[in-house]
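Read through the structure below, which is laid out as structure tokens, and then see the notes.
The values are calculated or read from the model by the stated rules, or taken from the named source; none is laboratory data. Here the structure is a predicted model, which is why all the values come from computation and not from measurement. Here the Cβ is made from the backbone with ideal geometry for all residues, glycine too, and neighbour counts use every protein chain on show. Just the protein is used for accessible areas: all its heavy atoms, side chains included, with ligands, DNA and RNA removed. Shrake-Rupley method; radii C 1.70, N 1.55, O 1.52, S 1.80 Å.
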Amino acid sequence: MAQRLPILFNKKPCYDIVFSKEFNELLEELGELGVTEKRLCIVTDSTVKELYGESLKQLLEGKCKKVCLYAFPAGENSKTLDTVKEIYKFLIEEGFGRKDMLLALGGGVTGDVTGYAAATYMRGIDYVQIPTTLLAQTDSSVGGKTGVDFDGYKNMVGAFKMPKLVYMNLSVLKSLDNRQYFAGFAEVMKYGLIKDGAFYEWLISNMYEICERDLDVLEEMIMKSCTVKKLVVEKDPLEEGDRALLNFGHTIGHAIEKAKGFELLHGECVALGSVAAAYISWKRELLSMEEFYEIRDMFVPFYLPITVDGIDPEEIVKLTKSDKKMENGKIKFVLLKKIGKAVIDRSVTEEEILAAVKEIYFSEEDAHE
Ligand code: GLY
């Protein structure tokens, strides 16, 4: 029997996150949303189409008015308005109206792009998130943030649009390649670091099982992650205040992502950004030196980077200023007050950011020393 976590919006029930270990239970969940009378479009990427897209289409065939499958090329480079435009064209050609529904089947890019198409097509149609990566299951599918990158700037264009359902088939995590799987762990660590010190300790104790992808442990880990996210987004759904805590590691992370031309995965950049943010927290004497090194080294067994080469630290500082997390010209930086408690700080200086980026920067010269 699938477990579920209800998410409220403005204190009213909005949608459920369903944690299953198969796709079959999705039929009943979609039935509850009245899909027999709807056209459904599964939006996915070229990789996930082959793995689960076709079989999900077959599963839904005959259970709704019509089911279509639309796939775009896999990768962050598809997270653009051009992809959204292609989705609109497809929906128009297939006769989709306001009462029909999109199903976002895939990772963070698919969820964000499909959600944005759903938020804007005919001024908004319903959509369901079916996340298939660890990052999407623990972070991007929950909370209604949708959007695309613009001119290489991360998530510059977007909208808040709550899904009707988030359905997770946890067994798909077994098919992820190691790099994609471990990249998702950076967001999981984030929840422990910003809000839940006991969860952080739990992650340390369950390190082996997490690396081995033990499904029962993963279920607990994903449910705990979603519970932290639930508490944050229910209190501040539109990021007017504390939701910004979820951006821990993202200010410097996004800058590195852009500077490296999206060669590194989002989660990998979040790991680097988290080490840098923890470094500033240590230098401000919020964290002890031991805590900083423990946090930094926690990423290593999960194959996440703690240093980066081929960047210009000064350029990274510049890029942090073009990130969305600015308010009246000041960066809303997330620091750790202690493990399990984050704070938003508007006083972090360029010098502090530069020192933190230098801390994670691994130059050619270092290699020859
Ligand atoms: N991924 C950050 C948020 O959902 O607010």
Report whether or not I194 is touching a Leu at 6+ places or on another chain (Cβ under 6 Å) and in a helix (DSSP H, G or I). yes
Please state which of the following conditions G158 fails to meet, knowing it meets all the rest: (1) surrounded by 24 or more Cβ atoms within 10 Å (Cβ to Cβ); (2) in a strand (DSSP E or B); (3) under 15 Å from the mean Cα position of the chain (by Cα). (1)
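Taking the conditions exactly as written (away from the ligand (no atom under 15 Å from the Cβ), within 18 Å of the chain's Cα centre (by Cα) and not polar (S, T, N, Q)), does E239 satisfy them or not?
Numbers: away from the ligand (no atom under 15 Å from the Cβ): no; within 18 Å of the chain's Cα centre (by Cα): yes; not polar (S, T, N, Q): yes.
Here the answer is no, as E239 does not meet what is asked.
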Condition met for I222 (in a helix (DSSP H, G or I) and either free of Cβ contacts under 8 Å to residues at least 12 places away in the same chain or over 15 Å from the mean Cα position of the chain (by Cα) (or both)): no
Neighbours by Cβ (under 9 Å, 6+ apart or cross-chain): first from the stretch 232-243, open to solvent by 10 Å² or more (accessible area, probe 1.4 Å) and assigned to a loop (DSSP other than H, G, I, E, B); second within 10 Å of the ligand (Cβ to nearest atom) and basic (K, R): D236/R243; P237/R243; E239/K145
Tell me which of these G158 doesn't satisfy, since it passes every other one: (1) within 23 Å of L51 (Cα to Cα); (2) within 13 Å of the ligand (Cβ to nearest atom). (1)
Taking into account only those residues within the stretch 120-155 that are open to solvent by 20 Å² or more (accessible area, probe 1.4 Å) and aliphatic (A, V, I, L, M), which is nearest to the ligand (Cβ to nearest atom)? L135
Looking at the stretch 184-194, can you tell me whether even one residue there is among the charged types (D, E, K, R) and within 16 Å of the ligand (Cβ to nearest atom)? yes
So which residues in the stretch 200-210 are out of contact with any Leu (no Cβ under 9 Å at 6 or more places or on another chain) and crowded, with 19+ Cβ neighbours inside 10 Å, if there are any at all? L203
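Among what's in the stretch 101-119 and is more than 16 Å from the ligand (Cβ to nearest atom), part of a strand (DSSP E or B) and out of contact with any Asp or Glu (no Cβ under 7 Å at 6 or more places or on another chain), pick the residue that is nearest to D323 (Cα to Cα). Spell out the reasoning first.
Our first condition is that a residue be more than 16 Å from the ligand (Cβ to nearest atom); within the stretch 101-119, this holds for 101-103, 105-106, 117-118.
Next, from what is left, pick out any that are part of a strand (DSSP E or B): 101-103, 105-106.
Filter again for out of contact with any Asp or Glu (no Cβ under 7 Å at 6 or more places or on another chain), leaving 102-103, 105.
Details: L102: 29, L103: 29, L105: 28 Å.
The residue in question is L105.
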Kindly indicate the residue of the stretch 306-352 that is touching a strand residue (DSSP E or B) at 6+ places or on another chain (Cβ under 8 Å) and assigned to a helix (DSSP H, G or I) and also modelled with the highest pLDDT among those meeting that condition. P313
Would you be able to say whether some residue in the stretch 246-269 is open to solvent by 10 Å² or more (accessible area, probe 1.4 Å) and among the hydroxyl-bearing types (S, T, Y)? no
Output for the stretch 270-289, where each listed residue is open to solvent by less than 10 Å² (accessible area, probe 1.4 Å), away from the ligand (no atom under 16 Å from the Cβ) and among the small types (G, A, S): A276, A278, S281
Given (1) over 22 Å from the mean Cα position of the chain (by Cα); (2) at pLDDT 90 or above; (3) surrounded by fewer than 16 Cβ atoms within 10 Å (Cβ to Cβ), identify the lone condition not met by S363. (2)
